[in-house]
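Notes for the one structure printed next.
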Amino acid sequence: MAKFCTKHGVALDENGKCPVCSGGKEVGAKPPVINKTNPAPNPVPGPVTGPAPAPVPGPMPGPGSIPGPVPGPGGNAPKRPGDVTIRPGDIKKVWVNFKNRTGIGDPERNKTSAYEDGQRIVPDIVRANKDEKPIKQYTVAKLRKRIFGIPYAKAIGRIQLTNQRVIFRAPGTSPAGRTTLQHEFTIGEVAGIEARREYVFDFWALIFSFVLMSFGGSANFLLVGLIAQGLKMNFFAGLLGLIVGIVTLIPFFVLHKNWWLKIITCSASAIAFGSCMYYATFTEAEIFWSGFFSPFAFISSLTLIFSIAMFCIRPNLVMIIKTKATSPGVDIRRKKTGIFSFFGGAKEEDDHTGYTEIVPEPDAEVSIRELGALIHDIQQLGDFSIEQWEDLSAK
């Protein structure tokens with residue numbers, strides 16, 4: 001008579017053992033339910049046998065998908081030995097360390113922005129007085145110092161009005177380190193404003209333009225004149241001068257401003273066409289008759305003169321916030337320059353800001369229109385003017 005397992009109810013084998021208890025599969029057993037309370041057991045690592053599972057079809061990765069490693073520069077792929085990544089911040093750190101080691105400027109100021117971009121004078125830079133509140137700030141001018149027309153120092157000038165003060169501050173840089181220019185006065189002492197946007201003639205820019213003109217003309221003379229003359233190729237010299245003259249004249253009609261570069265190219269063009277006229281006098285080829293090049297030489301000469309004139313006539317800003325006393329509270333004027341001032345002919349009161357060039361910035365025109373009304377409102381309304389000008393700025 002067959003015997004059965006009292007636990008599982010299956011027939012015992014010939015040895016009297018239950019096949020289920022011995023490790024077999026239970027008859028009619030249901031697979032376990034896997035959920036949060038009964039998680040699946042961790043698989044035992046080992047070799048994978050059998051065919052690989054087929055890929056599950058699904059949507060292609062789109063803009064919202066998580067990107068994988070991107071090979072090449074700028075990607076998030078693992079770096080290989082020898083890869084070097086240079087960031088703009090690393091270059092700045094190297095430059096700051098170099099200045100600190102060589103003794104250029106102040107180590108504490110070298111860490112900060114040279115022109116205080118994105119900061120308010122009060123309270124970010126200058127300590128605020130008791131109950132002092134900033135109302136509006138303008139970036140009014142770019143200040144430069146030049147020697148023989150060559151800039152060597154630069155600053156950015158800003159005017160801020162608070163409910164107590166008028167502050168003009170111009171942080172800048174020079175070859176020796178950072179610079180600071182600051183004027184301030186009590187708002188109640190302001191009596192009026194004088195402002196001008198104009199154009200002035202710069203004598204040293206004229207001297208520097210002659211240097212640029214000689215550079216461009218000499219370079220072209222070496223290219224067209226000496227090479228062709230050394231090779232005894234008059235026809236080639238005329239053709240080369242014609243091509244170079246036209247090519248170097250094109251930047252005058254293409255470039256926006258950049259008058260110093262136009263002086264170089266236009267002087268090169270004038271020398272090139274002049275070389276054509278010179279070689280046309282001594283060549284027998286009728287194509288290089290000197291009258292053919294006369295219109296080109298005339299046009300290049302006019303463009304050169306015009307470029308020199310525009311290079312020497314510089315924009316200038318004058319802004320004086322006058323007080324009830326004899327001296328102005330804020331005086332934004334360029335230092336008087338010229339041939340006599342270079343040899344000690346300038347007076348001390350002509351120094352003003354100490355900068356030889358005051359170039360208007362985008363906020364200059366807005367500040368000229370608003371400063372008078374803003375100062376009057378602060379003097380008459382006090383702190384109530386803050387909300388009024390904040391509403392105007394929002395509009």
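The values are calculated or read from the model by the stated rules, or taken from the named source; none is laboratory data. In this text, all values refer to a predicted model and were calculated from it rather than measured experimentally. Every residue, glycine as well, gets a Cβ built from its backbone with ideal geometry; the counts of neighbours run over all protein chains shown. Side chains are part of the model used for accessible areas, which takes the heavy atoms of the whole protein and leaves out ligands, DNA and RNA. Shrake-Rupley method; radii C 1.70, N 1.55, O 1.52, S 1.80 Å.
For this structure, a couple of remarks:
- Every pair of residues 6+ apart whose Cβ atoms lie under 9 Å, when the first sits in the range 136-161 and is more than 16 Å from T173 (Cβ to Cβ) while the second is open to solvent by 60 Å² or more (accessible area, probe 1.4 Å) and of a type in the set (K, R): Q137/R120; Q160/R120
- Some residue of the range 202-209 being among the polar types (S, T, N, Q) and surrounded by fewer than 17 Cβ atoms within 10 Å (Cβ to Cβ): no
- Scanning the range 297-332 for residues that are outside any loop (DSSP other than H, G, I, E, B) and among the basic types (K, R) gives R314, K322.
- Failed criterion for G329 (all others in (1) out of contact with any strand residue (DSSP E or B) (no Cβ under 9 Å at 6 or more places or on another chain); (2) open to solvent by less than 40 Å² (accessible area, probe 1.4 Å); (3) modelled with pLDDT under 80 hold): (1)
- Annotation: of all residues in the range 201-246 being among the β-branched types (V, I, T) and at pLDDT below 65, the one that is farthest from S275 (Cα to Cα) is I227.
- Filtered residue count, the range 353-395, keeping only those that are assigned to a loop (DSSP other than H, G, I, E, B), open to solvent by 50 Å² or more (accessible area, probe 1.4 Å) and at pLDDT below 85: 2
- Checklist (1) among the aliphatic types (A, V, I, L, M); (2) under 30 Å from A170 (Cβ atoms); (3) at pLDDT 85 or above applied to L302, failing item: (2)
- For beta carbons closer than 7 Å, sequence separation of 6+ or different chains, a first residue in the range 369-392 that is within 19 Å of E189 (Cα to Cα) and a second that is hydroxyl-bearing (S, T, Y) and surrounded by 12 or more Cβ atoms within 10 Å (Cβ to Cβ), the qualifying pairs are D377/S385; I378/S385.
- Search result, residues across the range 118-140 that are in contact with a Gly (Cβ under 8 Å, 6 or more places away or on another chain) and crowded, with 19+ Cβ neighbours inside 10 Å: V140
- Where a residue in the range 172-197 is open to solvent by 70 Å² or more (accessible area, probe 1.4 Å) and its partner, wherever it lies, is among the acidic types (D, E), with Cβ under 8 Å and at least six apart: R197/E365
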